[in-house]
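Please treat every number below as a calculation from the coordinates, not as lab data. Keep in mind the model is a prediction, meaning the values are calculated, not measured. Here the Cβ is made from the backbone with ideal geometry for all residues, glycine too, and neighbour counts use every protein chain on show.
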C-alpha cells in the first residue's frame, strides 16, 4: 500500500530537502555543460585511478575502524576494570581531532627528527627506512585512527543495551564464549556495525583534510584540484557527480541491508552487567586499549601540548587567538542547533509516512555529506549571489553551508530514535485531546530527546572541525580555529598551528560530555 | 514550553547572525600569504596612515576562485598572492584595476604585469640545497643535472602539487623547451621513486641530516633553516652579523643553478598584489599598494622572510646571494602556461 500523501509535514520536509539539494543542483547544472568528448577523457584518464584509490582507501579504513572500534567496545562493555570510565572518554576523544591535524601530526612525528622517526632509527638503524604516510596505507591509518570512535560509540551503546537472555540461552546450550561472540553477539550487533561503518565510509568519501595533506588522489582531492588549480568547474562538477553516484549507491545498499535486520526483544529482559576482569585480563585489556589510545589520543595531544608550550614561551599566543576560538564555537553552535531543528521534519516524515517520497527525501538530504566541501561552498555562493544576495558574505551563509553538509548526521540519529516512537503513544495523546502541535511538544519531542541531543553533538563536533567550506564561505576577516591551523600549517609555522588544534579539542569536550551523559542515562 | 523557548532562542540567534555586518577594517585584503609575513608591513601602514586593514587569509588559488565567483559583489579591495601565475590569471580575467604608472614603475619591469594590473612585492629563487659532506655532487651545476642517474635515491624534492614547484616547471618549459623538461621530470621521477616531501622545510632538514645529497627548494627555506641553527646554538648572537661574517658553518650550502655565460638562469617567482576591479575604496587601496612598494614597505618585506625586494634601490637581507642570473621568462607566462605545465607533470606522473 504505497500512498504518496505529502501533507503539511511533507511540505516542510520537502522544503528542507530542497535547500539541502542546492549544491547538488549546481553540480547537475555545471556538469550538464560537459560535452561527450570531455566526459570521455575524464572516464579514460582520471576515473579508473580515482575509483581504485577511493575504494581501496574506504575498504582499508573500514577494516581498521572495525578492528579498533569493536575490540575496544566489547572489552569496555563486557569487562569491568580499573579506569573503565577513563577508557570510554579516551576512546571518543579522537572525534575532537580533525583528520588534517592527525595527518599533519603524524607526518611530523614520522619525520626523521620527529619522535617516532628518531625512535624508529634508534631501533632499526638506517637499514629499514622510516615508513612514510604518502600512500594508501598511511592515509588509511590516519583516517582509521580519526574515525574508529564512531564504531566504538555505536557498538558500545548497542552492547550496553543488549539483553542477557540470548547469550545466556546460547551458553546453556553448550556454546563456548567464542562461539557466543561469533554466533550471537556479533550478529545482534549487525545493525550497529553497519550504521557506524556507513558513517565511517561517508567520512572517508568526503574527507578532504587528510588526503590533501598527504596528497592521496581521491575524488575529493581531484575535484578540488580541478576546481582551484585549473579553474575547471565543469570537470570538477562531473567528478562530483560520479562521487555522488558512488555514495548514493553505497547508501542505498546499506539501507537495504539494514531495513531487513530488525531485532526485537522483550522490554523486561535484564541487561548484561560487565564481568569484573581478572588480573591477567586487566593486563591484556590495558595493553590493547593503551596502544590504541597512545596512537589515537596521547601522542597527538602530547605533540599539541609540546608545541603549544613552545608558542606560549615565545609569546606567540595573542588576544586574537581567543577571538578565533569564540568564532569557531559560535558557528558550530548555530550550525548544530539549526541542523537539529531542520532535521526533525525530514525524519518524522519518513517514520510516519514510509513512502517513496520520504525515502528519496532522506537520500537527497544525505547528499551534503558526500559532496566535497569546496563544491558545496561554490554551489551555495552561486545560488546566493543569483537568488538571495543580501545573505552572501554573512555568517548565516556559512551556517547554511555547514547545515547542508552535516544535515545527514542529524537526520540519521534523530530518525534512529524516532523508530522507538510507537504510534500507540502518540495516538493516546491525540485521544486525550492534544492537537498535532501540542502532541509534538509534549509527547514526541520528549521521547526523542536523546536522539536530538546526539544529533546536536555530532553536528557540533563536525562543524567545529570543518575546513574546506569555511575557508571559502566565512565572512571577511572571520577566522576559525581550523582555518588558522590550515594557514599556519601550510606555511610550516607549527608552533602556531598546535595551540589552535589544542583549543579545538578543549572546545569539543563539553559536547562529548553531553553525549556521554546521554548514553549513560539511556542505560 | 522549554523546547519552544530553546528553539526560539536558536532562531533568534540565527536571525541575528544573518544581520551581523562584519566589523571589517577600511580595507579588505584577500591574502594568500602567511599572516606572519604580511602583518608587519600592514601594521606599519596602519601606524602611518591610520587606515585599518583586514586580512582575509586562505590559499592564493582559492581566493582567486572566490574573487572570480563573487564578481561585483566582492568585499575585497586588494588581492595578495604568493604566486605570479595567479596574479596573471586574475589580470586576464579582468578582475583587477590597473595601478597608477608611478606606483607600477617603481618596481623592476621583470616583476610586474605588462599591463600594470599587478606588481611584485618580494621575489624568490628556485635553488639547490647541497649537503657539504655529500660525495660526487660536483657535477651538479644545472637544474637539469637533477635528472642524472648518479642522484638515484639522493634527491629530495617536494610533491608536484606545490605552487612553487609548478611555477618552476613552467619557467623551465618556456626556457628550455617542452621535450627537455619532460625528460628532466622523468629523470627526477626515477631518482626519487615515490618518496617526495610535503614541505620545503622538510627537504632542507633531510639534506642537512645527510639523508639526501641535494634538494630543490625556494631559497628562503635555506635561510630560515640557517637562522634557526644560529638561534638554537647561541641565543644572544646577532643573526645578521653572523651571516655577514660567514660564521654559519653548517651542514648545508646553497647552490644557485644554471649560472655562467651560457647558463639558463634560475627560475623566479614573486609574491604580488593587485587592486580589485570592484573595490569601493580604490583610492585607499592604491595608497596601500604604493606603501607596499615604497622603500619603507619593501624593506620590511625583505627583512621578514629573506626574500628579494622588487625595488632595485632596496638592499637585500644580509647573507643572501646577490647578482643572480635569472631565466629569461617573463612572469606573465606563469599564468597562461600553468594548465600546460600541470598536464606535463601529470603525463609524466610525478608524485
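By the count of neighbouring beta-carbon atoms within 10 Å, fewest first, B:155, B:255 end up ordered B:255, B:155.
In region A:383-523, inverting the average of 1/r over every pair of distinct C-alpha atoms gives 17.9 Å as the Kirkwood radius. Short-range pairs are left out: with C-alpha atoms under 8 Å and at least six residues apart, the relative contact order of region B:45-145 is 17 percent.
Relative contact order of chain B: 28 percent, from C-alpha pairs under 8 Å at least 6 residues apart in sequence. Scattering from chain A was approximated by placing one identical point on each alpha carbon and applying the Debye formula without solvent; log10 I(q)/I(0) at 0.08 1/Å stands at -0.53. Ellipsoid fit via the Cα gyration tensor, chain B: semi-axes of 38, 24, 23 Å, each the root of five times an eigenvalue, largest first. Cβ-to-Cβ counts within 10 Å put A:470, A:422, B:103 in ascending order as A:422, B:103, A:470, the fewest first.
For the segment A:475-481, counting C-beta atoms of other chains within 10 Å of every residue's C-beta and taking the mean gives 6. What separates the Cα centres of region B:38-114 and region B:257-323 is a distance of 13 Å. Which shape class applies to region A:46-313: rounded if a/c is under 1.5, otherwise prolate when a/b exceeds b/c and oblate if not, where a ≥ b ≥ c are the square roots of the Cα gyration tensor eigenvalues? The shape class here is oblate. Between region A:446-508 and region A:134-195, how many Å separate their Cα centres? Distance between centres, Cα-based: 30 Å.
Helix B:163-176 and the longest principal axis of the C-alpha atoms of chain B enclose an angle of approximately 50°. Taken over the Cα atoms of the protein assembly as shown, the convex hull encloses 183 Å³ per residue. The distance separating the Cα centre of region A:51-101 from that of region B:158-207 comes to 38 Å.
Packing-wise, with mean Cβ within 10 Å as the measure, how do B:280-290, B:218-228 rank, highest first?
Working: B:280-290: 17.9, B:218-228: 21.5.
Those peptides, ordered most packed to least, come out B:218-228, B:280-290.
Computed on region A:41-157, the Cα convex hull volume stands at 148 Å³ per residue. Between helix B:295-305 and chain B there is an angle of about 60 degrees, using the helix long axis and the longest principal axis of the Cα atoms.
Peptide A:125-134 is shielded by partner chain Cβ atoms: per residue, an average of 2 of them sit within 10 Å of its Cβ. Peptide B:35-42 has a mean of 2 when you count, residue by residue, the C-beta atoms of other protein chains within 10 Å of its C-beta.
Taking a ≥ b ≥ c as the square roots of the eigenvalues of the Cα gyration tensor, region B:127-207 is classed as oblate, since a/c reaches at least 1.5 and a/b does not exceed b/c. Each peptide among B:173-186, A:29-42, A:200-213, B:295-308 gets the average number of other Cβ atoms lying within 10 Å of its residues, and from highest to lowest they stand as A:200-213, B:295-308, B:173-186, A:29-42. What is the angle, in °, between the Cα long axis of helix B:60-70 and the longest principal axis of the Cα atoms in chain B? Nearest 10 is fine, range 0 to 90. Here the helix axis deviates by roughly 30 degrees.
Any chance you could list the semi-axes, whole Å, largest first, of the equivalent ellipsoid that the Cα gyration tensor gives for region B:68-109, using √(5λ)?
Values: eigenvalues 84, 32, 17 Å².
Each semi-axis is the square root of five times an eigenvalue, giving 21, 13, 9 Å.
Normalised by the number of residues in chain A, the mean separation of alpha-carbon contacts (under 8 Å, six or more apart) gives a relative contact order of 23 percent.
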